[in-house]
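Please read through the structure below; I'll follow up with questions.
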Amino acid sequence: MNLWVKRDEMTGVEVSGNKIRKLEFCIAEAQRQGCDTLITCGGLQSNHCRATAIMGTRLGMKVHLILRGEEPELPTGNLLMDHLAGAEISYLPAEGWSTAHPQYAAQLQAEAERLGSRAYFIPTGASDEVGLWGYISASEEIAADLRAANLRPNAIVCATGSGGTQAGLIVGNELFNLADKIVAFNVSDDAKYFDERARLDIGRWQSRYADLLAGTAGADIDVATIQVNTQEGYLGPGYGVAGPEVFETIKQLASCEGIFLDPVYTGKAFHGMVSEIRKGDEGCFAGATDLVFIHTGGLFGLFPQQENFHFSD
Ligand SMILES: *Cc1c(COP(=O)(O)O)cnc(C)c1O
């Protein structure tokens, strides 16, 4: 078995990871609409919020983050970087979050409007029909990588959290014929959720960009029949919480290859991929000879969880 890694943890230093690919399109849309402020939301250690905070500052835009949970005494990891980048931060309780955060975002947008400014709301993980372009465009790049390596992988593998990377790769695979399938390991929710989510976001992309897509292969994608392969079984205790096997996997890959995974996304997905490979014919990669793992970043999420690593043995 050959394991290949698409190093999207190297899309930048401070803005490293998959979120910059989606933000490239979401922030362009915000600017097209004449917005001077970005509002977005996520967990306390959101890689997406950190990337938005930094990109906003670089582009001279104000950034307001809505984070889920209580303000910690000491900001670490991504949250430290949000503060350093000068983002305004509001904390909303985890309870009632799903209804409260879009309401709060709408309130902030109305306030901005009153003050003669204009705020663009980017949903969780920049996973919507605009952000979808990120991994469609990445797929074009991956197609070139595969040609250069003379490689046709059995599967392209990633972690899925807000679904935009997975859905973008599914569209990308339809357009650029990268691999036999896209396999995503869920780090939250379940397969059913991502199945519906991918179809919904791809459908919205087709309607929003109908004029642009007219007469292209993108318009022909049938959301009813696309394959959404979400491999369950590796979520562990819950989103952002990993078992010892994930920390062991992170340690092993770092010490074997010098490639650093994170405990929230890539560590779980990589552990899931290796476990499925070990299952042989019973696993979801039965018969595969080449897999491409998309390393989606997340390094800064390691530091707030450092107590889970043990080095004494
Ligand atoms: C957000 C994130 C993911 C998941 O991508 P989605 O498009 O939200 O599903 C994977 N890995 C890392 C490091 C992330 O920050």
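The values are calculated or read from the model by the stated rules, or taken from the named source; none is laboratory data. Everything numeric in this text was worked out from a predicted model, so none of it was measured. Glycine also receives a Cβ, built like all others from the backbone with ideal geometry; neighbour counts cover every protein chain displayed. Side chains included, ligands, DNA and RNA excluded: accessible areas come from the protein's heavy atoms. Shrake-Rupley method; radii C 1.70, N 1.55, O 1.52, S 1.80 Å.
Under 20 Å from a point placed 7 Å out from the Cα of residue 219 along the Cα-to-Cβ direction: which residues of region 109-135 have their backbone N that close?
129-130, 133
Could you pull out every one of the lysines with an alpha carbon less than 23 Å from that of residue 19, ignoring same-chain neighbours closer than 8 positions?
The reachable lysines, counting only those whose Cα sits under 23 Å from residue 19, are 6, 62, 181, 268.
Now a separate question. Kindly report the accessible area of region 40-181 per residue (heavy atoms of protein chains, probe 1.4 Å, no ligands, DNA or RNA), in Å².
Averaged over the residues of region 40-181, the accessible area is 43 Å².
For region 100-201, which whole percent of the accessible surface, found with a 1.4 angstrom probe, sits on carbon and sulfur atoms? Spell out each step's value before the answer.
Values: 1900 of 3990 Å².
With neighbouring chains kept in place, the figure for region 100-201 is 47 percent.
Additional query: Note down the accessible area of residue 245, probe 1.4 Å, to the nearest 10 Å².
80
If we restrict to alpha carbons, what Rg and Dmax does region 1-111 come to, in Å?
In order Rg, Dmax, the Cα atoms of region 1-111 give 14.9, 55 Å.
Under a crude label model (7 Å from the Cα following the beta-carbon direction), how far is residue 190 from residue 309 in nanometres?
That separation, rounded to one decimal, is 3.4 nm.
Now, a different point. Determine, for each peptide in 294-303, 74-83, 3-12, the mean count of other beta carbons within 10 angstrom over its residues, then list the peptides with the highest first.
Top to bottom by mean Cβ count within 10 Å: 294-303, 74-83, 3-12.
Once a ≥ b ≥ c are taken as the square roots of the eigenvalues of the Cα gyration tensor of the chain, is the result rounded (a/c under 1.5), prolate (a/b larger than b/c) or oblate (a/b not larger than b/c)?
Numbers: a/c = 1.81, a/b = 1.19, b/c = 1.52.
Note, shape of the chain comes out oblate.
Still on this structure: In region 212-313, carbon and sulfur make up what percent of the accessible area (probe 1.4 Å)?
Taking all protein chains in place, region 212-313 shows 53 percent carbon and sulfur surface.
For a quick protection proxy, order the peptides 214-226, 253-265 by their average other-Cβ count within 10 Å, most packed first.
Details: 214-226: 11.9, 253-265: 18.2.
Ranking, from highest mean packing down: 253-265, 214-226.
State, as an integer percentage, the relative contact order of region 133-262 based on alpha-carbon contacts under 8 Å between residues 6 or more apart.
23
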